[in-house]
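Chemist: Have a look at this one.
Derivation of every value follows stated rules applied to the coordinates shown; laboratory data play no part. None of the values given here were measured: they were computed from a predicted structure. Because the Cβ atoms are built from the backbone with ideal geometry, glycine has one as well, and the counts that use them run over all protein chains shown.
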Amino acid sequence: MTKQKPIAEGLFTWPAAQPALLGSRCNDCGIVSFPAAQSCMACSGQDVTVEELPRRGTLWTWTVQRFMPKAPYHSDETEQTFQPYGVGYVELPGGVRVEGRLTENDPAKLRIGMAMDVVFEPYRHEANGDEVIGFFFRPAA
Amino acid sequence: MDVAIVGIGIHPFGRTPSRSGLQQGAYAARLALKDAGVAWSDMQFAFGGSASAGSADALVNELGLTGIPFINVANGCATGGSSLISAYNAIKSGEYDIGMVAGFDKHDRGAFNADPEALGIGRWYGELGLMMTTQFFAMKIQKYMHDYGISRETLAKVSEKAFINASMNPNAWRREPIGVEEIANSQMVSDPLTKFMFCSPSEGGVALVLCRADQARRYTDTPVYLKAATLKSRRYGSFEVFAPSQALQQVDGPTVDASRAAFEMAGVGPGDIDVMQLQDTEAGAEVMHMAENGFCEHGEQEFLIQSGATRIGGRMPVNTDGGCIANGEPIGASGLRQVYENVLQLRGHAGERQVPGNPRLAYTHVYGAPGISAVTLLQN
Ligand SMILES: [Zn+2]
């Protein structure tokens, strides 16, 4: 049977009933980083706590990647099956702006300021059939 | 001790299948030596950079084994600027009288292929398809257009100007003028930027001979003085390339910091500059860098570019040699190309594309991953 695994350990909670992105908050200056880091980029402090980031935010900016990137890009796609994908920064309240792929690739359906939810979906398969889970931002319903 | 540029050399940018990157660097170096009327053996030091064409210090194999201290510099798109600053400081300190800065490169076709792990980012970032400088520039200008009312036509006009200027530059790569419509309607690469709005990896070489200002007249009748050379990296809160996340509170980027420091060092202001070469990795970058370097307010570019102010003959000529858009970007050479162009302009030797009115002060700016910026100010 197919197993699922996250694209990287420590990027988000997985498996979890309500998965969330994981950031680190600096206990000295309060700044949040994603992905979670061992020291603070703002003040160099090393007293950090890992915490779940909010699941809804707003689109700060975006683009659409129109051609298939070279390695290290690693999906199940080929040049023939490649589909352009949206990319954006989503501002998470009280935290940070996180960069991620968008589930939407139609420029007409993307606008700065719209509400976005983080979702966790299968991204590609390993040679043994395991599903690799990535994180994406989806326009809120 | 002030520093002067007394020799310049360039190998044409673009594609030269018959010469390696190193040979293109050596070609430029020989021209620079000839221009200054000196020999390679007169060089007391050298700084050089190449990202994809081998070690820059291998130039000694082409130019001669003289025992010269040759230091390799690697700083992304700011490699040339970083080499120049190193040479500037080497002479300014009084340690050396004369030396060389060289940069060359030869890249494969297609977008640059960055390795996330080399930059301290997890492999997942590249696997998901986020490790693309093109996306960063597209997202930065997308936000900027939203905030400051820059139109897509203005982006196309930036590229149109680049190709017009390049048509008057025998060393440029893309020398065919392309119309605004064709630029705007060319293949979309990363919204809102189309194919003809981006620079491409290319090939080329540039070398400069620098010396103590008080000895400059020994080598040339037209010395150009380096009034400032600055380099800054990003601070926490600036929006930069290859950032999986960014702060909610934004601060000025390294371009603003490097620019302010350069003006302060030279004791002049943006209004004093007669000609400027600004990093135009794509058309939006030129627009944003005009304001980040202090040459206009945010949003003013819409009028300035539409009215032709940034063309040769306009009141603030930008990227008079065609910039990265028309020359492509051989990483090691790109920043030095800007300096080469400014020296030509300040000598009054820029031919068809000479900025009128005897320019006196010229400005260069490069920006590169993962958030570094270098600025120089040149005076004749
Ligand atoms: Zn901190």
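Chemist: Residue by residue through the stretch B:76-90, what is 3J(HN,Hα) from phi via Karplus (6.51 cos²θ - 1.76 cosθ + 1.60, θ = phi - 60°)? Round to whole Hz and write x for glycine and proline.
Modeler: Listing the rounded values in order: x, 5, 9, 4, x, x, 5, 4, 5, 4, 4, 5, 4, 5, 5 Hz.
Chemist: By what distance, in whole Å, do the Cα atoms of the protein assembly as shown stretch along each of the three principal axes, largest value first?
Modeler: Computed over the Cα atoms, the extents are 77, 50, 47 Å.
Chemist: Sticking with this one: Give the peptides A:39-51, B:299-311, A:13-25, B:356-368 in descending order of average Cβ contacts within 10 Å, highest first.
Modeler: Details: A:39-51: 14.5, B:299-311: 17.8, A:13-25: 16.1, B:356-368: 21.8.
Final packing ranking: B:356-368, B:299-311, A:13-25, A:39-51.
Chemist: Ordered by packing density, taken as the mean number of other Cβ atoms within 10 Å over each peptide's residues, highest first, how do B:233-243, B:173-183 rank?
Modeler: Taking the mean over residues of other Cβ atoms within 10 Å, the ranking is B:233-243, B:173-183.
Chemist: For chain B, list the cysteines whose Cβ sits under 4.7 Å from no other cysteine Cβ?
Modeler: B:77, B:211, B:296
Chemist: Take every Cα pair under 8 Å in chain A that's 6+ residues apart, average their separations, divide by the length, and report that relative contact order as a whole percent.
Modeler: 23
Chemist: Just counting partner chain Cβ atoms within 10 Å, what average do the residues of peptide A:95-101 show around their Cβ?
Modeler: Per residue, the average neighbour count from other chains is 6.
Chemist: Stokes-Einstein D for the stretch B:265-315 at 37 °C, 0.692 mPa s, Kirkwood Rh over Cα pairs, in µm²/s?
Modeler: Working: Rh = 11.5 Å.
Estimated diffusion coefficient is 284 µm²/s.
Chemist: In whole Hz and in residue order, list the ³J(HN,Hα) couplings for the stretch B:371-376 that follow from phi through the Karplus curve 6.51 cos²θ - 1.76 cosθ + 1.60, θ = phi - 60°; x for Gly and Pro.
Modeler: Using θ = phi - 60°, the values come out as x, 10, 9, 10, 10, 10 Hz.
Chemist: Still on this model: When Lys and Arg each count +1 and Asp and Glu each count -1, what net charge do the other residues less than 14 Å away from residue B:379, Cβ to Cβ, add up to?
Modeler: It works out to a net charge of 0.
Chemist: In addition: With no solvent and one equal point scatterer placed on each C-alpha of the stretch A:4-139, evaluate the Debye formula and give log10 I(q)/I(0) for q = 0.10, 0.14, 0.21 Å⁻¹, two decimals.
Modeler: Reported log10 I(q)/I(0), two decimals: -0.37, -0.71, -1.28.
Chemist: Under 16 Å between alpha carbons, and skipping anything fewer than 8 positions from residue B:157 in its own chain: which aspartates and glutamates qualify?
Modeler: By straight Cα distance, residue B:157 reaches B:176, B:181, B:182, B:280, B:282, B:286, B:300, B:302, B:321.
Chemist: Per-residue counts of other Cβ atoms within 10 Å, averaged by peptide: what ranking do you get for B:127-134, B:215-222, highest first?
Modeler: Values: B:127-134: 23.2, B:215-222: 15.2.
Result, highest mean Cβ count within 10 Å first: B:127-134, B:215-222.
Chemist: Hey, what D do you get for the stretch B:253-380 in µm²/s if you plug the Kirkwood alpha-carbon radius into Stokes-Einstein at 37 °C and 0.692 mPa s?
Modeler: My calculation gives 228 µm²/s for D.
Chemist: With all pairs of different alpha carbon atoms counted, what Kirkwood hydrodynamic radius in Å does chain B show?
Modeler: Evaluated on chain B, it is 20.4 Å.
Chemist: Cα-Cα pairs above 19 Å in the stretch B:164-295: how many percent? Please list the in-between numbers first.
Modeler: On the way: 5797 of 8646 pairs.
So the pairs more than 19 Å apart make up 67 percent of the total in the stretch B:164-295.
Chemist: What is the angle, in °, between the Cα long axis of helix B:331-347 and the longest principal axis of the Cα atoms in chain B? Nearest 10 is fine, range 0 to 90.
Modeler: For B:331-347 against chain B, the angle is about 70 degrees.
Chemist: Ordered by residue, what ³J(HN,Hα) values in Hz, to whole numbers, does the stretch B:41-57 give under the Karplus form 6.51 cos²θ - 1.76 cosθ + 1.60, where θ = phi - 60° and Gly and Pro are x?
Modeler: Per residue, the Karplus-derived 3J(HN,Hα) values read 5, 7, 6, 8, 7, 8, 10, x, x, 8, 8, 10, 10, x, 6, 4, 6 Hz.
Chemist: Give the dimensionless ratio obtained when the Cα radius of gyration of the stretch A:24-80 is divided by 2.2 N^0.38 Å.
Modeler: That works out to 1.66 for the stretch A:24-80.
Chemist: Moving to a separate point now. Using just the helices of the protein assembly as shown, give the 222 nm mean residue ellipticity in deg cm²/dmol: DSSP H runs with n ≥ 4 each add -39,500 (n - 2.57), and the total is spread over all residues, rounded to 500.
Modeler: Values: 12 runs with 128 residues, N = 521.
Calculated from helices alone, the mean residue ellipticity at 222 nm is -7500 deg cm²/dmol.
Chemist: Viscosity 1.306 mPa s, temperature 10 °C: what is the translational diffusion coefficient of the stretch B:121-220 from Stokes-Einstein with a Kirkwood Rh over Cα pairs, rounded to a whole number of µm²/s?
Modeler: 95
Chemist: Using alpha carbons only, how many degrees (0 to 90, rounded to 10) separate the axis of helix B:133-148 from the longest principal axis of chain B?
Modeler: Approximately 60 degrees, to the nearest 10.
Chemist: Under a 5 Å amide H to amide H cut-off, with H placed in plane at 1.01 Å, what residues pair with residue B:77 once short-range neighbours are removed?
Modeler: B:369
Chemist: Another one. What is the mean number of Cβ atoms from other protein chains located within 10 Å of the Cβ atom of each residue in peptide A:66-78, rounded to a whole number?
Modeler: Partner-chain Cβ atoms within 10 Å, mean over residues of A:66-78: 6.
Chemist: Which whole number gives the average count of other chain Cβ atoms within 10 Å of the Cβ atoms across peptide B:132-139?
Modeler: Per residue, the average neighbour count from other chains is 5.
Chemist: Under a cut-off of 19 Å between alpha-carbon atoms, report the aspartates and glutamates in cross-link reach of residue B:34, not counting same-chain residues fewer than 8 places apart.
Modeler: B:42, B:62, B:97, B:221, B:341
Chemist: Return one number: the angle in degrees, 0 to 90 and rounded to the nearest 10, between the long axis of the Cα atoms of helix B:283-292 and the longest principal axis of the Cα atoms of chain B.
Modeler: The two axes meet at around 70 degrees.
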